[in-house]
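Take a look at the structure set out below.
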Amino acid sequence: MIKVPRILNHEGKTPLVTIAFTTLFCLTLMSCTTAPEAPLKKVLTEEQQSRLLNLEYAALDALERMHFSKPYADSAEQIFNQMLTLDPNNEAAQRGIEQIVEHHIDVALKALAGRQQASAERALAHARRLDPQHPSIAPTENQLNLLANSKFVRIELPRGDLRKAIQPTRSQLRQLQAQLDEKLKCRFTIAVSSDDQGRLVYQLLKERLQQTVTMSAAIIISSPNRVEGTCF
């Protein structure tokens, strides 16, 4: 008589039957873990591949002509989206959309620097529509909010060489100070005809405002002589 060996189940140890069953179950399923399936790559016909290539050339031409988005009917954005409709994983189209987003953000930042709030809002809206999660969206929105709540000040300075008109310059800077509340942070632009005059105005401006305003300033060669500032 053949004796069937007994399977002992000791507490604290995994039964052999359980191990065997688990192994068989895993082999049946081919895997004991669930691995994410790779996305299937769309197989394109020769006609579709030719169409994609023509669209890519057209999109690059639109970029060259600065036709990034609306209101242009043949905008690069529109053409890249046609490419993605044909091939959702098309890398050239994805890179193209990213390039358009960065263009709109750059336009928004330049508009902010020029205090063109409406233009900045339009450009940022284009970028947000294309990629709401782009890392530059939030910082640009913050700058736009600061601009919306900022105060713009400007004074004209005496004409000619300001080094020969120090007292009239001081008088004009007092008028600038009168426009500002205390505890503001201001960014000034000093527009004069030479670096030496710009440094002079900066020193006079700092003497006048350092007790009440946190300030920074840039000097540009321009006319007429003036000081402009954005305060928050």
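Scan segment 22-32 and tell me whether some residue there is farther than 25 Å from Q133 by Cβ, in contact with a helix residue (DSSP H, G or I) (Cβ under 9 Å, 6 or more places away or on another chain), loosely packed, with under 11 Cβ neighbours inside 10 Å and modelled with pLDDT under 95. First the steps, then the outcome.
Filtering segment 22-32 down to residues farther than 25 Å from Q133 by Cβ leaves 22-32.
From what is left, the residues that are in contact with a helix residue (DSSP H, G or I) (Cβ under 9 Å, 6 or more places away or on another chain) are 32.
Next, from what is left, pick out any that are loosely packed, with under 11 Cβ neighbours inside 10 Å: 32.
Narrowing further to those that are modelled with pLDDT under 95: 32.
There is at least one residue in segment 22-32 that is farther than 25 Å from Q133 by Cβ, in contact with a helix residue (DSSP H, G or I) (Cβ under 9 Å, 6 or more places away or on another chain), loosely packed, with under 11 Cβ neighbours inside 10 Å and modelled with pLDDT under 95.
Scanning segment 113-132 for residues that are within 15 Å of the chain's Cα centre (by Cα) and assigned to a loop (DSSP other than H, G, I, E, B), which turns out farthest from L144 (Cα to Cα)?
Restricting attention to segment 113-132, the residues satisfying the condition of being within 15 Å of the chain's Cα centre (by Cα) are 113, 120-132.
Next cut, assigned to a loop (DSSP other than H, G, I, E, B) only: 131-132.
Numbers: D131: 18, P132: 16 Å.
Only one residue fits best here, namely D131.
Within segment 196-212, which residues are over 18 Å from S171 (Cβ atoms) and not in a loop (DSSP other than H, G, I, E, B)?
Passing the criteria: D196, G198, R199.
Condition (residue is in contact (Cβ under 8 Å) with a residue 24 or more places away in the chain, in contact with a Ser or Thr (Cβ under 7 Å, 6 or more places away or on another chain) and under 30 Å from A118 (Cβ atoms)) applied to segment 152-162: is it met by at least one residue?
Yes, segment 152-162 contains at least one residue that is in contact (Cβ under 8 Å) with a residue 24 or more places away in the chain, in contact with a Ser or Thr (Cβ under 7 Å, 6 or more places away or on another chain) and under 30 Å from A118 (Cβ atoms).
Consider I221 carefully, then state whether it is modelled with pLDDT of 95 or more, among the hydrophobic types (A, V, I, L, M, F, W, C) and either exposed (fewer than 13 other Cβ atoms within 10 Å of the Cβ) or assigned by TED's automatic domain parsing to the domain that holds I100 (or both).
When the stated conditions are applied, I221 passes them.
Within segment 115-135, track down each residue that is surrounded by fewer than 16 Cβ atoms within 10 Å (Cβ to Cβ) and of a type in the set (A, V, I, L, M, F, W, C).
Those that are surrounded by fewer than 16 Cβ atoms within 10 Å (Cβ to Cβ) and of a type in the set (A, V, I, L, M, F, W, C): A118, A125.
Given (1) over 30 Å from A125 (Cβ atoms); (2) not in a helix (DSSP H, G or I), identify the lone condition not met by R154.
Result: R154 passes all but (1).
Within segment 136-155, is even one residue buried (at least 19 other Cβ atoms within 10 Å of the Cβ) and of a type in the set (F, W, Y)?
Checked segment 136-155: no residue is buried (at least 19 other Cβ atoms within 10 Å of the Cβ) and of a type in the set (F, W, Y).
Considering only segment 187-199, state which residues are crowded, with 18+ Cβ neighbours inside 10 Å and not aliphatic (A, V, I, L, M).
Once the filter is applied, which keeps residues that are crowded, with 18+ Cβ neighbours inside 10 Å and not aliphatic (A, V, I, L, M), segment 187-199 yields F188, Q197, G198.
I'm told P224 meets every condition in (1) in a helix (DSSP H, G or I); (2) within 18 Å of G160 (Cα to Cα) except one. Can you identify the failing condition by its number?
(1)
Quick one: V101 ticks every box in (1) in a strand (DSSP E or B); (2) under 19 Å from S69 (Cβ atoms) bar one, so which box is it?
(1)
Output the residue which, of all residues in segment 70-90 that are farther than 21 Å from L124 by Cα and in contact with a Leu (Cβ under 9 Å, 6 or more places away or on another chain), is surrounded by the most Cβ atoms within 10 Å (Cβ to Cβ).
Checking each candidate, the answer is M83.
Tell me whether segment 173-186 contains one or more residues that are exposed (fewer than 12 other Cβ atoms within 10 Å of the Cβ), at negative phi, part of a strand (DSSP E or B) and modelled with pLDDT under 95.
The answer is no; no qualifying residue exists.
The values are calculated or read from the model by the stated rules, or taken from the named source; none is laboratory data. Not measured: the values here are computed from a predicted model. When we count neighbours, we look across all protein chains shown, and the Cβ atoms used for this are built from the backbone with ideal geometry, even at glycine.
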